[in-house]
Amino acid sequence: MKLVLRGHHLLCLQGFQGYGYDENFVKNMTEINQTRTSENTSISLTDSPDDICKSCPNLKNNLCQNATQNKIIVSMDNEVLSKLNPEMEYESVELFEKVQNIFNSKESVNKICDNCMWHDKCLFYQKL
């Protein structure tokens, strides 16, 4: 299976515990989170709408909410992608291990997670 994921979603998936914008979003996020743990899953990286975004009610005209909010989201993506090779296709399990090693303190994620509306419920952020 192949997934396309935004940079910041590499962190979100690790902290996801069933909260979301609506039932459709939660179902999709749950399925992607299960798929990413399979050894037969590959991941391509992006800073634009991905396999998670396709079920988000905030996605409008291929933007996250509006141009201003989308710019913030893209900057979060690029912060993560700057530590990886966005041109490479990754084996999922290895990619998430790499991400855990890179983003392993609150300082390493403050530009990404500090203003996130989910960080109070995010297991990834809470464990840092």
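The values are calculated or read from the model by the stated rules, or taken from the named source; none is laboratory data. Note that the structure is predicted; figures quoted are calculated from it, not measured. FYI the Cβ positions are ideal-geometry reconstructions off the backbone, even for glycines, and counts take in every protein chain you see.
I'd like the full set of residues that are surrounded by 12 or more Cβ atoms within 10 Å (Cβ to Cβ) and either touching a Ser or Thr at 6+ places or on another chain (Cβ under 8 Å) or assigned to a loop (DSSP other than H, G, I, E, B) (or both), limited to the stretch 97-110. If the condition is that a residue be surrounded by 12 or more Cβ atoms within 10 Å (Cβ to Cβ) and either touching a Ser or Thr at 6+ places or on another chain (Cβ under 8 Å) or assigned to a loop (DSSP other than H, G, I, E, B) (or both), then ILE102, PHE103, ASN104 are the ones that fit.
Scanning the stretch 1-38 for residues that are part of a loop (DSSP other than H, G, I, E, B), surrounded by 18 or more Cβ atoms within 10 Å (Cβ to Cβ) and charged (D, E, K, R) turns up just one, ARG36.
Each residue in the stretch 105-128 was checked for being hydroxyl-bearing (Ser, Thr, Tyr) and touching a Cys at 6+ places or on another chain (Cβ under 9 Å), and 1 of them qualify.
Per this entry, LEU59 is not counted among residues that are in contact (Cβ under 8 Å) with a residue 24 or more places away in the chain, over 17 Å from CYS122 (Cα atoms) and either of a type outside the set (Ser, Thr, Tyr) or touching a Leu at 6+ places or on another chain (Cβ under 7 Å) (or both). Scanning the stretch 78-96 for residues that are assigned to a helix (DSSP H, G or I) and either aromatic (Phe, Trp, Tyr) or at positive phi (or both) yields a single hit, PHE96. All told, SER82 meets the bar of being modelled with pLDDT of 95 or more and loosely packed, with under 14 Cβ neighbours inside 10 Å.
Under the condition of being acidic (Asp, Glu) and crowded, with 19+ Cβ neighbours inside 10 Å, which residue from the stretch 40-78 is nearest to MET29 (Cα to Cα)? Only one residue fits best here, namely ASP51. From the list GLU94, GLU87, GLU79, the one residue that fits, being more than 25 Å from MET1 (Cα to Cα) and acidic (Asp, Glu), is GLU79. Pairing residues of the stretch 23-46 that are touching a residue at least 60 places away in the same chain (Cβ under 8 Å) with residues that are among the small types (Gly, Ala, Ser) and not in a loop (DSSP other than H, G, I, E, B), at Cβ distances under 6 Å and at least 6 apart in sequence or on separate chains, gives ARG36/SER92. Looking for whichever is out of contact with any strand residue (DSSP E or B) (no Cβ under 8 Å at 6 or more places or on another chain) and among the β-branched types (Val, Ile, Thr) here; the options are THR30, THR46. Which one fits? Step by step, each of THR30, THR46 is checked, and only THR30 is out of contact with any strand residue (DSSP E or B) (no Cβ under 8 Å at 6 or more places or on another chain) and among the β-branched types (Val, Ile, Thr). Checked against (1) under 24 Å from TYR19 (Cβ atoms); (2) modelled with pLDDT of 95 or more; (3) not hydroxyl-bearing (Ser, Thr, Tyr), ASN101 passes all but a single condition, namely (1).
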